[in-house]
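What follows is calculated from the coordinates using simple rules that are stated; it is not laboratory data. Just so you know, these numbers come straight off a predicted model, no measurement behind them. For neighbour counting, all protein chains shown are included, and Cβ atoms are generated from backbone atoms with ideal geometry for every residue, glycine included.
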Amino acid sequence: MTDPANHTDRLIDRLTEELEPVRPLPRLRTAFAFVLAVWAAILAVGLLGSSTGWVWSTLQSNWIYGASFVGLVVAALGGTASVLAAGVPGRERVEQAGMFLAFAGLTAAAVVCWMAIPDVGANHSYPGVDGMCFQDAVWSSLLPAGVIFTFLVRGWVSRPIVASLVGLLASAGVGALLVHLSCSLITPKHILVGHLSVPFVLGVLGMYPLGWLIRRLRG
Amino acid sequence: MAAKRKAKIESSGEAGGSTERDAKRVSCGTLRPPLDGADRATAALALYARGAMQTLTMPERPERPAPEPEKPREREDSEPELSAWMRAAQAGDADAYRALLTAIQPKVRAIVFSRIKADASAEDVVQNALLSIHRGRATYRSERPFGPWMRAIVRNAVTDYFRDRKRRGDREIPLPVEDWAKDVSGPDPAKVPLAPELQDALAGLPVKQREAVTLIQVEGLSVAEAALRAKVSVGAIKVRAHRGYRALRKKLEGARREGVWESSEPAAARSDDAKEGGS
């Protein structure tokens, strides 16, 4: 029977033979700044045609709208930081802190809206509008998701399914934010169903297929 | 209140409370008897004189040798070196890469063996960790310390091992290594010719499964080496090999049932026997 340690020596020989030059990943801060610039560009282009003059005043006057805005921003930023850190071994703290922020931001915003529904008396149903906003948010999330997954595939992710979930939360957070800023219907129920639910739904539905895809692409 | 407390204290003093306590202590031999003022002064003087005598008669302490400059710890010492080797490896320097892998091998092994007790499995995990370091080498940044980066990868490899074991635990029964280790000691499996039936069955497998089975069972590579050769992950090569074994077993059982292959002897030997028996 051959000694397993010999296998290890042979493996080192083979790894050395197969060595090819690689380009190191960019620094985490640089990558984060780059992705934030992309987010800003997406939001700017997305809001180009729409009138956003009322957004600032609504943010100040309607606290439910403001809370959901903050929740989505926190989810996008925290999720992005977490996903970028997930691709680099040894950056688990940043990864976990970002993940916590993303979940906490979204959950807090959802709870605020949920609790506000009976108070405001906005139990009217707008299924068509809810669905439209939801759909728009999903479409708007595709480009951010592409940017995030480019980083994920290049990095060395230890838990692809969790990273996919957080990545989808972040990218759908950007998509939902775009819709949130351009949508004029600001009832709590609509915000909850049409805007805030998008990251949760996309994350849950997409984490397994994307996790599998990351594993496949990484080899 | 205060007057009462004072009276109580005085009365206890008159009753000789403290002297009784002291007498008890003396009887136990734990303390000296209490001294009055003159005795105390004498005792203090005697103690002082003894201390002074000790100071006078005490031999001079040899001078302590000057403390040697502390040697830097091995980890701190090797950290910049490892980092430099990794940087060179990222640029394609094979010698630096070999030096790096050789240097970190004991560290990787120490981490893995501290968590996994089974030797064969632990060595597999060491190989998986080295393979992960190889595949994830682009994620290392030279301005960050090398140690935490490496340890994170090794920890992940160990976690993957436990996760995998837990997943397979319900489906597989582990064989005691000691029992079959004696039976498999023999010629190098890579040099033993395969039985034609087995060759046929292997040829009938899908390409990926055949590759996995051949690399691991015929060429005798470890799972990590086979994964490297096939350019897939360790998990993927295990899945392919497992499916390959299952398909092989089905084929061979089918052949046995049909009477094509009745024993485990190579067909060539059986046909020779048949010829001899026939003649």
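Observations, loosely collected:
- Average other protein chain Cβ within 10 Å of Cβ, residues A:158-170: 1
- Residues of region A:191-219 with an amide N closer than 20 Å to a point placed 7 Å from the Cα of A:Thr150 along the Cα-to-Cβ direction: A:210-211, A:213-219.
- Legend: ranking of residues A:His180, B:His134 from fewest to most surrounding C-beta atoms inside 10 Å; resulting order B:His134, A:His180.
- Within 10 Å of the Cβ of each residue in B:132-138, the mean number of Cβ atoms contributed by other protein chains is 6.
- Here the 3J(HN,Hα) profile of region B:194-210, calculated from phi with Karplus coefficients 6.51, -1.76 and 1.60 at θ = phi - 60°, is 7, 5, x, 4, 5, 4, 4, 4, 5, 5, x, 6, x, 3, 5, 5, 4 Hz, Gly and Pro shown as x.
- Average beta-carbon neighbours from other chains, 10 Å sphere, peptide A:90-100: 2
- Cα centroid of region A:151-204 to Cα centroid of region A:12-88, whole Å: 11 Å
- One chain, two ends: B:Glu219 and B:Ala138. Fully extended at 0.36 nm per residue, the span grows by 26.1 nm beyond their Cα-Cα distance.
- Taking a Cβ cut-off of under 11 Å around B:Ser142, the surrounding Lys, Arg, Asp and Glu residues balance to a net charge of +3, with basic ones at +1 and acidic ones at -1.
- Computed from Cα atoms, the angle from the helix A:127-154 axis to the main principal axis of chain A rounds to 20 degrees.
- Peptides B:111-117, A:172-178 ranked from most to least packed, by the mean per-residue count of other Cβ atoms within 10 Å: A:172-178, B:111-117.
- Radius 14 Å from Cβ of B:Leu202, net charge of other residues (Lys, Arg +1; Asp, Glu -1): +4
- Förster radius 25 Å - calculated FRET efficiency between A:Leu217 and A:Asp13, Cβ distance, rounded to 0.05: 0.40
- Label-to-label distance, B:Lys117 versus B:Ala203, with points set 7 angstrom from Cα along the beta-carbon direction: 4.8 nm.
- Global form of chain A, assessed from the alpha-carbon gyration tensor, a/c cut-off 1.5: prolate
- Prolate/oblate/rounded label for region A:54-151 (Cα gyration tensor, a/c 1.5): prolate
- Pairs over the 28 Å Cα-Cα cut-off, from the set B:Lys107/B:Lys208; B:Lys117/B:Lys250; B:Lys117/B:Lys208; B:Lys166/B:Lys208: B:Lys107/B:Lys208; B:Lys117/B:Lys250; B:Lys117/B:Lys208.
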